[in-house]
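As structure tokens, the structure follows; a few thoughts come after it.
Coordinate-derived values only; no laboratory data. These numbers come from a predicted model, not from an experiment. In this analysis, Cβ positions are derived from the backbone assuming ideal geometry, glycine residues included, and neighbour counts consider all displayed protein chains.
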Amino acid sequence: MDMNEIKEIFFQECEEQLAELESGLLKMNDGDRDPETVNAVFRAVHSIKGGAGAFGLDDLVAFAHVFETTLDCVRSNKLEPNQDVLKVMLKSADVLADLTNAARDGGSVDESRSRGLVKELEALANGELPSPSASVEAPAPKAAAKAAPAAPAPTPKPTDDSGFQPVPFSFDDFGGEDDAGGMPTYEVIFKPRYELYSKGNDATLLLRDLSRLGEMTIYCNTDDLPGLEELDPEGAYFFWNVTIKTDKGEDAIRTVFEFAEWDCELTVKPVEEARADATSNDELPMVPVPFDLSILDETGAMEEVSASDARAEATAAAVAAAETASSVTQIVAARVEKKESAAAAAAAASAAAQNNAAGAGQTIRVDLDRVDRLINLVGELVINQAMLSQSVIENDTTGTSSINMGLEELQQLTREIQDSVMAIRAQPVKPVFQRMSRIVREIADMTGKSIRLITEGENTEVDKTVIDKLAEPLTHMIRNAVDHGIETPEKRAAAGKNTEGTVRLTAKHRSGRILIELADDGAGINREKVRQKAIDNDLIPADANLSDEEIDNLIFLPGFSTADKISDISGRGVGMDVVKRSIQALGGRINITSKPGHGSVFTMSLPLTLAVLDGMVVTVAGQTLVVPLTAIVETLQPEAAAIHSFGANHRLISIRNSFCPLVDVGRILNFRATQANPVEGVALLVESEGGGQRALMVDAIQGQRQVVIKSLEANYTHVPGIAAATILGDGRVALILDVDAVVGASRGQSLKAEMSLAAVG
């Protein structure tokens, strides 16, 4: 695996971490204060920072570092995550996503915005943090520290009889003041590997988190520290022996190191057991180098301690050793922070990929092209299986041969393979829904409105091809709802509404399709304004007699806009027409329901997959068509007594004491010039979105089959009334009927056919 592949894996993981980050922040914005939610948000930023550091993405690392610091203040209960704080953090999450995309694609980011957010994050971290102790001094600025003369090294304390030399390690501002008497005592040996530092982690931050569990004594071991001529600046030579009194238990201690366990050696034992092991193994005692860390700033950087802690009675040799240890620590810390070595970056990224694979356990990453090829091959398998079955049926009339039995098993296996492969491509709509949250925030800020987005059914799964094409229409619909649908806070207050508007985005399965609804509690569609705008733009005649539904659908006309002036958001008449074309290209449909003063609901109905469907093969005027099975309610043989005519060309069929319009499919599609006799055909009772039930009249039913969808528009041209095409078992091409278009034509909407469809069959 080369560096580019490793980097691509990192960016894929960044997408997952960014989704987790936004999801957690939105939960917190809704009032969730669960520590696990806060920790998940913190871990997401921390992981992005660590991976970015391995690849030398300095801008991303710098911003993530400040963001992480502020989140750590929230995690440690030093900063209350109120609405104002979370607003800044949500914007920061957007900028973090922009920086990630820029690093991946080579784009640019608005530097003024990112710098402004850095200042806001730093203000939150510095201004809102409570001071736990007045005696703790703030760390000196780094620039000042560099200019100041080097402080004398701390003088080592005398070694006790056991050979251990205790090292002061102060955590005064991290709690742990409670009396730990009588609590269980544990010995922790924490030995980092170089991978821990190369990923942007900091051992002192982990030790700080450990100190929150109870009273702690710490020793730093430097036995592995080589001479300067053999020193690797990127190596890890120190490790720590910690004794901690806590009632939290061993699991709580291990939880502190859960994100570093792959990059360190960790031993946690009750102190009695640890000492017994040391005695039985006759191990040599550790002699740690003096190392006083009395102040740890919020960024986790180790600052030089005051010389006042040094002891006058130390020997000159011990002082020199302490100076060497302090210098090495600073070199290693600086080297890890810069991440300049490409070799270390490759090793760190490779280890991260392996760790993620081990952690997931049950998942693998597969290139999408491979999945697409597999789906195409399965589609060909379905076609060939149908052809084989058709050939056997035509040449074997007994229907009891072993070949027929084998074909039935083959058909069953083919269906199972088909379902399994389609399940591989099925993905939840959550990533698309989360992307809409950012759009709502940005448009709300631009319009000065207060808007809350509520999402439901985020785990509803649909084919990835459908998901990829959902982003554009949803973006236009969200912009339309926020800009035109939701009123300003002043108008909402005057109308007796909550000043905060609500946009609700939901997804659910229904009858083999996915329904996506976008609802707002705004003013609804102003039909008088819409009608007048359409007349002014010469889209409809002034004397047109339109129903409320037809007026609502005028907003889908190209060039239509109700905006009074052109802005960065709307006004050019581009948007809702794109939505309708995009949905229709997916084989879907869109409907509008609006109530003035109460809001609007846009409903999109889409197929779950664009690869296969179950259909009813029928014959109409000598042409073979496929009607999607999900649209069919029942089939029936019409009787003469059940047929009723009204008007010149309209007929009804009586079904269980109710009347349903009868639609001649052959006449609608111009397959024949005159209407056929219903008694001589078969009626398919179908249900469409917004069109209610209709009885589609066909000549005969050939059977029910699973067919592979082939795009007619991509391979031929768009044909009104036809959704797609397929290949039957006998090798013929059959057209897949667009039920909604046919039903719409029966209600007076023209198909606008420009050619004879007979040639297509």
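Figures for the structure shown
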{"item": "Check: the range 612-759 dipole with +1 on Lys, Arg Cβ and -1 on Asp, Glu Cβ, in debye", "result": "180"}
{"item": "Cα convex hull of the range 612-759, projected area averaged across orientations, nm²", "result": "8.8"}
{"item": "Gain on full stretching of the segment that runs from V392 to D110 - 0.36 nm per residue minus C-alpha separation", "result": "94.9 nm"}
{"item": "Neighbourhood charge, 15 Å Cβ-Cβ cut-off, centred on P661 and excluding it, Lys, Arg +1 and Asp, Glu -1", "result": "+1"}
{"item": "Rounded D (µm²/s) - the range 458-525, Kirkwood Rh over Cα pairs, Stokes-Einstein at 10 °C, 1.306 mPa s", "result": "117"}
{"item": "Packing-based exposure ordering (other Cβ within 10 Å, fewest first) of H484, H476", "result": "H476, H484"}
{"item": "Net +/- balance of residues flanking A725 in space, Cβ distance below 12 Å, scoring K and R +1, D and E -1", "result": "0"}
{"item": "Cα convex hull of the range 368-426, projected area averaged across orientations, nm²", "result": "3.9"}
{"item": "When each of K7/K248; K78/K245; K508/K580 is checked by Cα-Cα distance, pairs over 31 Å", "result": "K7/K248"}
{"item": "Sorted by Cβ neighbour density within 10 Å, fewest at the top, the residues Y219, Y186", "result": "Y219, Y186"}
{"item": "Neighbourhood charge, 12 Å Cβ-Cβ cut-off, centred on R672 and excluding it, Lys, Arg +1 and Asp, Glu -1", "result": "-1"}
{"item": "Quarter of the Cα convex hull surface for the range 608-661, i.e. its orientation-mean projected area (nm²)", "result": "5.8"}
{"item": "Neighbour-count ranking [beta-carbon atoms within 10 angstrom, fewest first] of V118, V618", "result": "V118, V618"}
{"item": "Cα gyration tensor category, rounded, prolate or oblate, for the range 642-705 with a/c compared to 1.5", "result": "rounded"}
{"item": "At 0.890 mPa s and 25 °C, Stokes D of the range 429-607 from Kirkwood alpha-carbon radius, µm² per second", "result": "147"}
{"item": "Burial ranking of peptide ranges 585-598, 536-549 (average Cβ count within 10 Å, highest at the top)", "result": "585-598, 536-549"}
